[in-house]
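The values are calculated or read from the model by the stated rules, or taken from the named source; none is laboratory data. For clarity, every value in this text was computed on a predicted model and none was experimentally measured. No Cβ is skipped: glycine too gets one built from the backbone with ideal geometry, and neighbour counts run over all protein chains shown. Each accessible area value is taken on the protein alone, full model and side chains, heavy atoms only, with ligands, DNA and RNA left out. Shrake-Rupley method; radii C 1.70, N 1.55, O 1.52, S 1.80 Å.
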Amino acid sequence: MQLADKHEGTTTKAFAGLRVLDFSTTIAGPHCTRMLADMGAEIIKIETDGGETMRTRPPLRNGCSTAFGQLNVGKKSVVLDLKSEDGKEAVRRLAATSDILVENFRPGVMRRLRLDYDSLRQVNPRLIYCSISGYGQTGPSAELPAYAPVIHAASGYDMAHLAYQPGRNRPDYCGIYHADVVTGTYGFGAIASALYQRTVTGVGQHIDVSMLETMLSLTLTELQSSQFTVAPPPRSMFGPTETASGYVMITIASEKTFQALMGVIGRPDWVSDPRFATYAARRENWAELMDGVEVWSRQLSTDACLRVLGAAGVPASAYRSVSEALADPQLAHRRALSEVRDEGGSFQVLNLPFRMSAADTTPAKTVSVLGEHTSALREEIGLASGVSIPPGKTAATS
């Protein structure tokens, strides 16, 4: 029985009852709040009357973006003009009833709007306020504009990646925005930690998440080797291994897998060969080792290589497209995808990559229309739709 079956039919959501104000746009912040939504939190997404930019990103069907849907399924949509006193007052009243606020404006924007943490904790001391930015909220780079590709370059990540591409000297463009997704995930973890701390202290706090530091966290070995002299191996470790029909990725991560691979390729004598007998020796002679592996692998198709390697317990995979990966029966077994709907029709989104035995972590079924919940929430907080707040009026005086 898989873990998902153990809570089949349960309606338990770990974050049920929490209210989140979501001012974030594009990817990092929305990814964070989508995770909160899947865990059961009520997400109130604050947008302008034109909607946030991801609503126009392809794939589009009937004007509806599935990229936006992937990031924002299960959230309520409220349209507010944050430059107006009416919009600011609506935020203050919503903040008074909220547990969490997430924003990824450039540092200083929320302060100029008087909607920063120091302002809003006056109306709600329990508020957990998460700010996501390129370089952090303070410091010499804090107010620089930043998007994921800029942070990839600024963090050293792109040049670190280039070092693993023999014969290349021009940095690659990485269109997969690791900085956004991982930063949003760190934000989610920090929020969960702050929620626990609030159960002890009774008060909220400000969370400052930096995309730059997030990307540096991915350069684990490179961060250390930048401080000390480490000679690179003569050939990139764990690169593609050629077969008769393509390439496979083989990872030799332990003595056990090294010995198993040597048995597969018919070179058990290499286990005790001084060139390869230890990790340090193998690293020094990596090119020669992998040349020997490819003498074997080039005689077999990719599928045949994988069958033999799998039987021997050697970690390996073909290089697959995302479409091929999504067709993997393992993902079907895990119920890794859910079908959701927007005004353009149905499509699939990826579920959270973890399962919980006593909580449901699947997403909601629909993506909100722009401004769909504006009237209901204005009524809840005592602001009739279309009624402006005179200058100087606040929740305490109106």
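A few points about this structure:
- Summed over the range 371-386, the residues that are within 19 Å of Lys45 (Cβ to Cβ) and open to solvent by less than 60 Å² (accessible area, probe 1.4 Å) give a count of 7.
- Close pairs from the range 11-40: first touching a residue at least 12 places away in the same chain (Cβ under 8 Å), partner basic (Lys, Arg) and open to solvent by 20 Å² or more (accessible area, probe 1.4 Å), Cβ under 7 Å, at least 6 apart: Met39/Lys13; Gly40/Lys13
- Within the range 73-117, the set of residues being among the acidic types (Asp, Glu) and within 23 Å of Met211 (Cβ to Cβ) comprises Glu103, Asp116.
- The set of residues from the range 359-384 being in a loop (DSSP other than H, G, I, E, B) and over 19 Å from Ala96 (Cα atoms) comprises Asp360, Thr361, Thr362, Pro363, Ala364, Lys365, Val367, Ser368, Val369, Leu370, Gly371, Glu372.
- Subset tally (residues that are within 20 Å of the chain's Cα centre (by Cα) and among the β-branched types (Val, Ile, Thr)) for the range 309-342: 2
- On inspection, Val79 passes the criterion of being hydrophobic (A, V, I, L, M, F, W, C), more than 30 Å from Val200 (Cβ to Cβ) and open to solvent by 10 Å² or more (accessible area, probe 1.4 Å).
- The range 294-344: number of residues that are free of Cβ contacts under 8 Å to residues at least 40 places away in the same chain, surrounded by 14 or more Cβ atoms within 10 Å (Cβ to Cβ) and in a strand (DSSP E or B): 3
- Screening Asp99, Asp86 for residues that are touching a strand residue (DSSP E or B) at 6+ places or on another chain (Cβ under 6 Å) and either closer than 22 Å to Ala37 by Cβ or in contact (Cβ under 8 Å) with a residue 24 or more places away in the chain (or both) leaves exactly one candidate, Asp99.
- All conditions in (1) of a type outside the set (Asp, Glu); (2) in contact (Cβ under 8 Å) with a residue 60 or more places away in the chain; (3) touching a strand residue (DSSP E or B) at 6+ places or on another chain (Cβ under 9 Å) hold for Met356, with the sole exception of (3).
- Any hit, the range 276-293, residues being open to solvent by less than 50 Å² (accessible area, probe 1.4 Å) and polar (S, T, N, Q): yes
- Within the range 171-192, no residue that is more than 16 Å from Arg34 (Cα to Cα) sits with its Cβ atom under 6 Å from a residue that is open to solvent by 30 Å² or more (accessible area, probe 1.4 Å) and aromatic (Phe, Trp, Tyr) at 6+ positions apart or across chains.
- Filter pass, Ile191 being under 30 Å from Leu120 (Cα atoms), surrounded by 15 or more Cβ atoms within 10 Å (Cβ to Cβ) and in contact with a Cys (Cβ under 7 Å, 6 or more places away or on another chain): yes
- Residue check, Met249 within 22 Å of Tyr164 (Cα to Cα), surrounded by 13 or more Cβ atoms within 10 Å (Cβ to Cβ) and not aromatic (Phe, Trp, Tyr): yes
- Residue within the range 345-358 that is part of a loop (DSSP other than H, G, I, E, B), farther than 29 Å from Ile43 by Cα and open to solvent by 60 Å² or more (accessible area, probe 1.4 Å) present: no
- Meets criteria (out of contact with any Asp or Glu (no Cβ under 9 Å at 6 or more places or on another chain), open to solvent by less than 10 Å² (accessible area, probe 1.4 Å), more than 30 Å from Lys365 (Cβ to Cβ) and free of Cβ contacts under 8 Å to residues at least 40 places away in the same chain) for Ala153: no
- 1 or more residues under 29 Å from Val295 (Cβ atoms) and aromatic (Phe, Trp, Tyr): qualifying strands (runs of 3 or more DSSP E) within the range 191-279: 247-250
- Selection over the range 126-135 of residues that are out of contact with any Pro (no Cβ under 9 Å at 6 or more places or on another chain) and either closer than 19 Å to Ser155 by Cβ or open to solvent by 10 Å² or more (accessible area, probe 1.4 Å) (or both) gives a count of 2.
- Single match in Val123, Val182 (criterion: open to solvent by 50 Å² or more (accessible area, probe 1.4 Å), of a type in the set (A, V, I, L, M, F, W, C) and within 24 Å of Gln205 (Cβ to Cβ)): Val123
- Filtered by the rule that a residue be open to solvent by 50 Å² or more (accessible area, probe 1.4 Å) and either within 15 Å of Tyr164 (Cα to Cα) or of a type in the set (Val, Ile, Thr) (or both), the range 227-246 gives Thr229, Val230, Ala231, Pro232, Pro234, Arg235, Phe238, Pro240.
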